[in-house]
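Colleague: One structure is given below, represented as structure tokens, and several questions about it will come after.
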Amino acid sequence: MSGIGPPEPGEGTHARDGGRPRDPRPPGRARAALTAWYARRRRIAIALAIAAVALAGGGYLYATRPHRPPPREDRTPTQLPYPAQVVDMTYLDGQATPAGAPPRSFSFAVLLSVASGPPVTVTRVTQPYAGLSLDTEPSAPFRTKSGSARKITITMHVTECEKAPKNAGLPFLDVTLRNTRAIQVQSFILGPRYAQELSRALQVACSNKVG
């Protein structure tokens, strides 16, 4: 009878087939692809590491390089002191009246100093009493640098004795100051010795006898 007997083994069931399906890609090609992939990854990692080191080194050099402080002129005006904050004026003593001064004139000296900041220019010096006028040497405007002082000789003229003070109690000078921050008028009270000598000079100028 046909169809009787053990069936023929199917393909792949023989012992020589190994019992497993064959790898469609040869093992050599797989290893080559894997090696190339690792090589690419390694090159990328090395390039990134070199870039990171270069960036870090550049940042360190920039951070540690010497930096010069900005010039004083580069500071904004609001960072500078007002002139009245850095200027002082003190009374020195009486001075000989310059030749050619008008009658009823007398002179004295003051010292103007600038402690800090930009140079200060004196644009005007005045006094509050009617019947008096004054001149300065050097003539205004004049400039004084930071950290220095300037001697100023002031010559007063009595124009009207009736309007001049008989006894100057707290005499002062109004000085207009200017620097790159601002222009200010500052009143300087020069102290009791200046007040006494001013009162005496006014009495002499107006022909009042003094002891």
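Colleague: Taking one equal scatterer on every alpha-carbon of the range 81-207, how large is log10 of I(q)/I(0) by Debye at q = 0.11, 0.15, 0.20 1/Å?
Modeller: -0.37, -0.68, -1.11
Colleague: Give me the accessible area per residue for the range 81-207, probe 1.4 Å, as a whole number in Å².
Modeller: Working: 6420 Å² over 127 residues.
Accessible area per residue: 51 Å².
The values are calculated or read from the model by the stated rules, or taken from the named source; none is laboratory data. For clarity, every value in this text was computed on a predicted model and none was experimentally measured. To get the accessible areas, we keep the full protein, side chains included, count just its heavy atoms, and leave off ligands, DNA and RNA. Shrake-Rupley method; radii C 1.70, N 1.55, O 1.52, S 1.80 Å.
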